1. Residues ALA59, ALA83: which one is over 30 Å from GLN120 (Cβ atoms), among the small types (Gly, Ala, Ser), modelled with pLDDT of 80 or more and crowded, with 17+ Cβ neighbours inside 10 Å?
2. What do you reckon, is SER78 in a strand (DSSP E or B), modelled with pLDDT of 85 or more and of a type in the set (Gly, Ala, Ser)?
3. Sort through SER56, SER113 and tell me the only one that's touching a Pro at 6+ places or on another chain (Cβ under 9 Å), more than 17 Å from ARG14 (Cβ to Cβ) and either touching a residue at least 60 places away in the same chain (Cβ under 8 Å) or polar (S, T, N, Q) (or both).
4. Within region 25-42, which residues are at pLDDT below 90 and either within 22 Å of PHE111 (Cβ to Cβ) or touching a Phe, Trp or Tyr at 6+ places or on another chain (Cβ under 8 Å) (or both)?
Amino acid sequence: MTEKNYEDHREFERHPIDFSVEVCPAGDQPDTFCDQTKLENISGGGVCFGTLQPESYFAGQHVTLKVQLPGTDEVDASMECQAKVVWIHFSGQVDDEGHKYTLVGVCLDGFMSFESQQLQDQGNSA
């Protein structure tokens, strides 16, 4: 199925987003990787992120997403949720070192939980 045909079947409109995300295996899967990457877009049904580790993903795989939220110098905030991989395909992009950039689409398995913590003062007082 081509990308154009795939997009025609989407239930929700996608919106570009540029947040950092950590993707790790969920549940009883072996903890063989945690991918530090960026979200590409988000919709009412899921998110899409890029990876340089496509061999770590497969359709139907359950993963945990931890999305870093942009904030201030005082708070480290993130949203965490469970998701399931629904598609994987090569984007046609190549990074600065020549690695192929692959897109992974996941659907969310429920609600996202919000986490935040106060950051320590870095000793920048006058």
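The values are calculated or read from the model by the stated rules, or taken from the named source; none is laboratory data. Just so it is clear, the model here is predicted, and its values are computed rather than measured. Neighbour counts run over all protein chains shown; Cβ positions are idealised from the backbone, glycine included.
1. Only one candidate qualifies: ALA83.
2. Yes.
3. Only one candidate qualifies: SER56.
4. Residues satisfying the conditions are PRO25, ALA26, GLY27, ASP28, GLN29.
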